[in-house]
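The values are calculated or read from the model by the stated rules, or taken from the named source; none is laboratory data. Keep in mind the model is a prediction, meaning the values are calculated, not measured. We place every Cβ from the backbone using ideal geometry, glycine too, and count neighbours over all the protein chains shown. The protein model used for the area step is the full one, side chains on, heavy atoms only, and it has no ligands, DNA or RNA in it. Shrake-Rupley method; radii C 1.70, N 1.55, O 1.52, S 1.80 Å.
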Amino acid sequence: MRDDLRDLYQEVLLDHYKRPRNFRVMAEANRRAEGQNPLCGDEVTVYLLLEDDVVKDVSFQGAGCAISMASASMMTASLKGKTKEEAEALFNRFHQMLTEESDTDLEALGKLAVLSGVREFPIRVKCATLPWHTFRAALEGSTEVVSTE
Ligand code: ZN
């Protein structure tokens, strides 16, 4: 990765960590899921307002490392207004970017591409994917706590 690109990605990541978007409890949520990453100590609760299979609103609360919190923040920003199907597709693409060697279409991921560098640090991949696994549990109406272990 080019150094200037890496610096830019770092900046965006830190910005989302310091000023997380949609960091709040959502009283009107009709779905909710909790996730834990014991390896790092990250904890996240995802709130979802799903109407006619469309993500009307999504927010989160939690505590954890910069990568997990920035990832959760970016996730909520990218998922608003998406259909259930589009959200699943984005989850898969994001997961693929972090876990597979093959080149993912970074352009299709928009700002989420900022987290592509995490792939180089396998132990942090769980931090970045935790909010997404938790979101998917909420989407599916699961009540079990999501754990990356
Ligand atoms: Zn973490």
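Out of VAL125, VAL114, VAL146, report the one residue that is among the aliphatic types (A, V, I, L, M) and modelled with pLDDT under 90.
The unique qualifying residue is VAL114.
State all residues of segment 1-37 that are among the hydroxyl-bearing types (Ser, Thr, Tyr) and more than 13 Å from ALA72 (Cα to Cα); if no residue qualifies, say none.
Within segment 1-37, TYR9 is the sole residue that qualifies.
Conditions (1) under 12 Å from ALA138 (Cβ atoms); (2) within 16 Å of the ligand (Cβ to nearest atom); (3) at pLDDT below 95; (4) hydroxyl-bearing (Ser, Thr, Tyr), marked per residue:
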| residue | (1), (2), (3), (4) |
| --- | --- |
| ASP4 | no, no, yes, no |
| ARG19 | no, no, no, no |
| GLN36 | no, yes, no, no |
| VAL54 | no, no, no, no |
| VAL58 | yes, no, no, no |
| GLY62 | no, yes, no, no |
| GLU85 | no, no, no, no |
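Looking only at segment 67-90, which residues are under 20 Å from TYR9 (Cα atoms) and in contact (Cβ under 8 Å) with a residue 40 or more places away in the chain?
Selection gives ILE67, SER68, MET69, ALA70, SER71, ALA72, SER73, MET74, MET75, THR76, ALA77, LEU79.
Just one of the numbered conditions (1) at pLDDT below 85; (2) within 15 Å of the ligand (Cβ to nearest atom) is not true of ALA108; which one?
(2)
Please go through segment 123-149 and give me each residue that is open to solvent by 40 Å² or more (accessible area, probe 1.4 Å) and part of a helix (DSSP H, G or I), ordered by number.
Within segment 123-149, ILE123, ARG124, LYS126, HIS133, ARG136 qualify.
For segment 3-122, which helices (runs of 4 or more DSSP H) that fit wholly inside it have 2 or more residues that are surrounded by fewer than 18 Cβ atoms within 10 Å (Cβ to Cβ) and acidic (Asp, Glu)?
3-18, 84-99
Would you mind telling me which numbered condition in (1) in contact with a Ser or Thr (Cβ under 6 Å, 6 or more places away or on another chain); (2) over 16 Å from VAL44 (Cβ atoms) LEU130 fails?
All conditions pass for LEU130, except number (2).
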